[in-house]
Amino acid sequence: MKIIEFYKRSEKTVLSLEIFPPQANYPVDSLFNTIEELRDLEPDFISVTYGAGGSTRDRTVEIASSIKNDFGIETLAHLTCMAHSKQEVDSILGILWEQGIRNIMALRGDPPADVESLDLIQREYHYARELIEEARKKADFGIAAAAYPEGHPECQKLSNDILHLKEKVDAGVDVLISQLFFDNRKIYDFMDRSLQAGINCPIVPGIMPVLNAKQIKRMIFLSGASVPSDLLRLLDKYDDRPEEMEKAGIEYASRQVEDLLANRIPGIHMYTMNKSRQIKEIVKNAGL
Ligand code: FAD
């Protein structure tokens, strides 16, 4: 089933969860235990990320396939194109389809950490839009793509980023999932501006709870997300008190989701960071 069908049903807010494959030297079984626990939340679908440069290619396919075929939960397999040739992408799309995976999150990706500079001109793919076009031609996939409420870090102006987003949607995107943000006003403003730009598909807010001060500081650095003063105070206060940081982070994310639910958003996408207990608590607290 294509994930867009969940958003067309109006009776309930769609809940999706994002997980990431463990590194190659770690067993995949513990992730399957986490999925088993997350299943209690009755998510509409679970998305599986794709390691930079294709580093988790086989595991992403294996895990997405298991979510769909063993757990019986709809799945969205992420795929990045930046470090692949067109031939490789064609083959991966073919494998996903053969495994029964009907939804992909089409992304450009970032250069792998060990590559100093990546000459995009030499590459076969430059932007996610090209992958979206390929996937549309290849098979009848449901296609999601990334959206950035505060603008993609490489783009100087949010208005330009929204123009590029519109090109991506016009190439065949059904659903947009947002980058993390901590100030809900950012996503409401972004949704208004996207609508004004003619983007009519669902834009689903992505929520990353602050469970660990160090980790979230890195995410803030990478994403450029702005940090409201109340969250900044928490990060300062609990910097060296991890248990209290986690508690405060769960509370902050619960209130964020609660506010989103009161504002008629199409769904909530939780970046689970492969943590089940904390995510369950947030979903329950927020009344989702
Ligand atoms: P694009 O949409 O191609 O945009 C990239 C940049 O190019 C933007 O600045 C855009 O404004 C600009 N641009 C687009 N078109 C044009 C044009 N015609 N001319 C000039 N500039 C243009 N990364 C992973 O490696 N694996 C994952 O699984 C993964 N999952 C993600 C899930 C979500 C929900 C999000 C929000 C991000 C995810 N990412 C993932 C990160 C993503 O790969 C990076 O943010 C990457 O830098 C951009 O990918 P994109 O698909 O948004 O790129």
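Extension gain for Asn200 to Glu37 (0.36 nm times residue separation, less C-alpha to C-alpha distance): 55.2 nm. In a DSSP loop and with at most 12 other Cβ atoms within 10 Å, the trypsin sites (Lys or Arg not before Pro) in the range 204-288 are Arg264.
With a cut-off of 13 Å on the backbone N, the residues of the range 146-183 near the modelled label site 7 Å out from Ile4 along Cα-Cβ are 169-176. Per residue, the chain exposes an accessible area of 49 Å² to a 1.4 Å probe, with every protein chain left in place. Using every pair of separate Cα atoms, the Kirkwood estimate puts the hydrodynamic radius of the range 4-286 at 19.4 angstrom. Computed from label points 7 Å out along Cα-Cβ, the spacing between Tyr127 and Asn25 is 4.0 nm. Full extension of the segment from Leu163 to Leu261, taken as 0.36 nm per residue of separation minus the current Cα-Cα distance, would add 32.6 nm. About its Cα centre, the dipole of the chain is roughly 480 debye, where the only charges are +1 on Lys and Arg Cβ and -1 on Asp and Glu Cβ.
Remark on Val210: its backbone amide H falls under 5 Å from those of Ala253, a criterion applied only to residues 5 or more positions apart or on other chains, H modelled at 1.01 Å from N. Residue-wise HN-Hα couplings along the range 229-244, as the Karplus relation 6.51 cos²θ - 1.76 cosθ + 1.60 with θ = phi - 60° gives them from phi, are 4, 5, 6, 4, 4, 5, 4, 5, 4, 9, 3, 10, 10, x, 5, 6 Hz; Gly and Pro carry x.
Write out the GluC sites (Glu not before Pro) in the range 232-262 meeting two conditions: DSSP loop, and at most 16 other Cβ atoms within 10 Å of their Cβ.
Counting only loop positions with at most 16 other Cβ atoms within 10 Å, none of the GluC sites (Glu not before Pro) in the range 232-262 qualifies.
Close amide H contacts of Arg108 (hydrogens built in the peptide plane, cut-off under 5 Å, sequence separation of 5 or more or a different chain): Cys81, Ala128.
Report, to the nearest whole %, how much of the accessible area of the range 4-286 belongs to carbon and sulfur atoms, 1.4 Å probe, protein only. Roughly 46 percent, rounded to a whole number. Working ranking of peptides 36-42, 98-104, 175-181 by packing, defined as the average number of other Cβ atoms within 10 Å per residue, highest first, is 175-181, 98-104, 36-42.
Evaluating 6.51 cos²θ - 1.76 cosθ + 1.60 at θ = phi - 60° for every residue in the range 29-35, the Karplus couplings come out as 4, 5, 5, 5, 5, 4, 4 Hz, glycine and proline recorded as x. Each residue of the range 6-11 was assigned a 3J(HN,Hα) from its phi angle through the Karplus curve 6.51 cos²θ - 1.76 cosθ + 1.60 (θ = phi - 60°); the sequence is 5, 6, 6, 6, 9, 6 Hz, with glycine and proline shown as x. For Ser47, the residues 5 or more places off, or on other chains, whose built amide H falls under 5 Å of its own are Leu17, Glu18, Ile19, Leu76.
Among the trypsin sites (Lys or Arg not before Pro) found in the range 153-194, those both in a DSSP coil and sparsely packed, with 16 or fewer other Cβ atoms within 10 Å of their Cβ, are Lys157. If the segment from Asn212 to Asp110 were pulled out straight at 0.36 nm per residue, it would be longer than the present Cα-Cα gap by 34.3 nm.
The values are calculated or read from the model by the stated rules, or taken from the named source; none is laboratory data. Predicted model only: the values in this text are computed from it and were never measured. Every residue, glycine among them, receives a Cβ derived from its backbone with ideal geometry; neighbour counts consider all protein chains shown. The accessibility values were calculated without ligands, DNA or RNA, using every heavy atom of the protein model including side chains. Shrake-Rupley method; radii C 1.70, N 1.55, O 1.52, S 1.80 Å.
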